[in-house]
Amino acid sequence: MYNRIVLAYDGTREGRAALREGALLARRCRSEVYLLSVVPNDSGIQFAESVQGGPIDRLQDTYRAVLAEGLERLKQLGFSPKAQLIMGDPAEQIGHFAKAVGADLVVVGHRKQKLIQRWWSGSSGAYLVDNLGCSLLIGRNTISDEAFEAEMKATEP
């Protein structure tokens, strides 16, 4: 059903929960796994870069570390994921990447926002739903380490 799964990972608590949920599903479906981390490139970052050079480099370094962390977690679980770091609008870049790799499913985390934050930043979830050519799973289930390990063992190839 899901031959290629993109796990969009940002290193947050919600992102870690989604990574685990996506990994369980990928194991069950015997899917090829793609790990994606997107360095946001919004107007605030561009302004900071124009005032004082370096913020973009530091942000990229942070997201490289996030990607490496996610990659290591997946390798420890027995996956051989293809990983990519991309810069741009996260919702837009996730959509482009999913299309480029022929994904059947994209897994993302979700962090609740207050009304003013949602108004200011827009709805990236709506963008994803409207612009993905595949299914979207918003991973929100938390699972204990023991239950996660038991499930992973039960679905070993």
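Could you tell me which residue of the stretch 8-23 is surrounded by the most Cβ atoms within 10 Å (Cβ to Cβ), considering only residues that are farther than 17 Å from PHE97 by Cβ and acidic (Asp, Glu)?
GLU21
Could you tell me which of the residues LEU24, LEU7 is modelled with pLDDT of 90 or more, among the hydrophobic types (A, V, I, L, M, F, W, C) and out of contact with any strand residue (DSSP E or B) (no Cβ under 8 Å at 6 or more places or on another chain)?
Within the list LEU24, LEU7, the selection yields LEU24.
Could you please let me know if LEU71 is modelled with pLDDT under 85 and closer than 17 Å to TYR34 by Cβ?
No.
In the set GLU156, GLU151, which member is open to solvent by less than 100 Å² (accessible area, probe 1.4 Å), among the charged types (D, E, K, R), at pLDDT below 95 and more than 27 Å from THR62 (Cα to Cα)?
GLU151
Could you please find all residues in the stretch 103-130 being modelled with pLDDT of 80 or more and open to solvent by less than 80 Å² (accessible area, probe 1.4 Å)?
ALA103, ASP104, LEU105, VAL106, VAL107, VAL108, GLY109
If we keep just the residues of the stretch 44-68 that are outside any helix (DSSP H, G or I) and open to solvent by 40 Å² or more (accessible area, probe 1.4 Å), which is modelled with the lowest pLDDT?
Restricting to residues being outside any helix (DSSP H, G or I) and open to solvent by 40 Å² or more (accessible area, probe 1.4 Å), the top hit is GLY53.
Under 7 Å by Cβ, and 6 or more places apart or on different chains, what pairs join a residue from the stretch 77-104 that is touching a residue at least 60 places away in the same chain (Cβ under 8 Å) with one that is of a type in the set (Gly, Ala, Ser)?
Matching pairs, first to second residue: LEU77/ALA23; PRO90/SER124; ILE94/ALA8; ASP104/SER135.
The values are calculated or read from the model by the stated rules, or taken from the named source; none is laboratory data. On a predicted model such as this, the values are computed, not experimentally measured, just so you know. A quick note on method: Cβ atoms are made from the backbone with ideal geometry, for glycine too, and the neighbour counts reach across all protein chains shown. Ligands, DNA and RNA are excluded from the accessible area calculation, which covers all protein heavy atoms including side chains. Shrake-Rupley method; radii C 1.70, N 1.55, O 1.52, S 1.80 Å.
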